[in-house]
1. Let me know the longest stretch in the chain that avoids all trypsin sites (Lys or Arg not before Pro) found in a DSSP loop with at most 14 other C-beta atoms within 10 Å.
2. Taking N as the number of residues in the chain, what is its alpha-carbon radius of gyration divided by 2.2 N^0.38 Å?
3. For region 105-204, state which chymotrypsin sites (Phe, Trp or Tyr not before Pro) are in a DSSP loop and have at most 14 other beta carbons lying within 10 Å of their beta carbon.
4. Only counting other Cβ atoms within 10 Å, I'd like Met116, Met1 sorted with the fewest neighbours first.
5. Can you list the GluC sites (Glu not before Pro) in region 101-198 that are in a DSSP coil and have 15 or fewer other beta carbons within 10 angstrom?
6. Please list, or write none, the lysines whose alpha carbon is within less than 17 Å of the alpha carbon of Lys78, excluding same-chain residues fewer than 8 places away.
7. Tell me the net charge near Gln99. Cut-off is 14 Å between Cβ atoms, Gln99 excluded, with +1 for each Lys or Arg and -1 for each Asp or Glu.
8. Assuming a ≥ b ≥ c are the square roots of the Cα gyration tensor eigenvalues, decide whether region 29-149 counts as rounded (a/c under 1.5), prolate (otherwise, with a/b larger than b/c) or oblate.
Amino acid sequence: MRRADLVFCSGAELEQGWLPLLLRSAGNKKVMPGQSGYLEAALQVQRLDIPDVAILTVGDVHSQGNPHVHLDPNRLLKVVDALVQRLSAIDPDHAISYQQSQREFNHKLRQRMTEMQQIVQSLKGKKVVVYHDTWSYLWDWLGISQVATIEATPGLPPSAGDLKKLLQRLQNQPVDMIVISTYQNERAAKWLAGKLNKPLIKLPYTVGGDAHVTDLAGLYQQTVKLLSL
């Protein structure tokens, strides 16, 4: 990072546990927040789940909103545009190359979105329970409603009492599926799915999240496929 021209991160406090320390240790003024060499993806789009000040001390809550903006391809295209503009400004000698890469990336992603359109339409109105508030941008894109989270306190595993209360609440509420990420512990979600007799869906969350996801276009395709099974 001492030699970097650009620091690019998700932002909205997702990296707050390690990035500020790394930036300070690097001592590179041009990649500090507020400089042209620092770019947060989340700040390039309209953010969801910006909390009231009153709940900021409760659990793993991001004061600047949900940071997982890459889960909506429409927002991702805006992030890509901001990144290419920043790269072109920092490194104008290669601006044409960055812009060409952007055109190729956008074409591939839009083509994949067109191919998925019918399945995406079939998912609208579905109701899900999630382990953690990871998926807000995905639901916003797909028109899916999140009715509950398994975590009673964000970032903390649910207790047996928490799960019993949640089960009681959901027994008379329509739910289509329980959703977790492949990296999350499935124990509580599996228990709840069994009690409600609903499918447990494990989503890859990011590139490499499962063996089928090798790029961002593939991430959306695999995610939509899993939700529609």
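What follows draws every value from the coordinates through simple rules; no lab data is involved. Remember, it's a predicted structure, so these values are computed and weren't measured experimentally. Note that we place each Cβ from the backbone using ideal geometry, even for glycine, and neighbour counts take in every protein chain shown.
1. Working: sites that count: Arg2, Arg3, Lys124.
Of all site-free stretches, the longest is 4-123.
2. Numbers: Rg = 19.4 Å, N = 229, 2.2 N^0.38 = 17.3 Å.
That ratio works out to 1.12.
3. Working: sites: Phe105, Tyr131, Trp135, Tyr137, Trp139, Trp141, Tyr183, Trp191; in loops: Tyr131, Trp135, Tyr183.
Counting only loop positions with at most 14 other Cβ atoms within 10 Å, the chymotrypsin sites (Phe, Trp or Tyr not before Pro) in region 105-204 are Tyr183.
4. Values: Met116 20, Met1 12.
Listing Met116, Met1 from fewest to most nearby Cβ atoms yields Met1, Met116.
5. On the way: sites: Glu104, Glu115, Glu151, Glu186; in loops: Glu151, Glu186.
Here the GluC sites (Glu not before Pro) that fit, given the DSSP loop and packing criteria, are Glu186.
6. Leaving aside lysines fewer than 8 places away in the same chain, those within reach of Lys78 are Lys108.
7. Details: positive: Arg86, Arg103; negative: Asp81, Asp91, Asp93, Glu104.
Taking every other residue near Gln99 into account, the sum is -2.
8. On the way: a/c = 4.07, a/b = 1.25, b/c = 3.26.
The shape class here is oblate.
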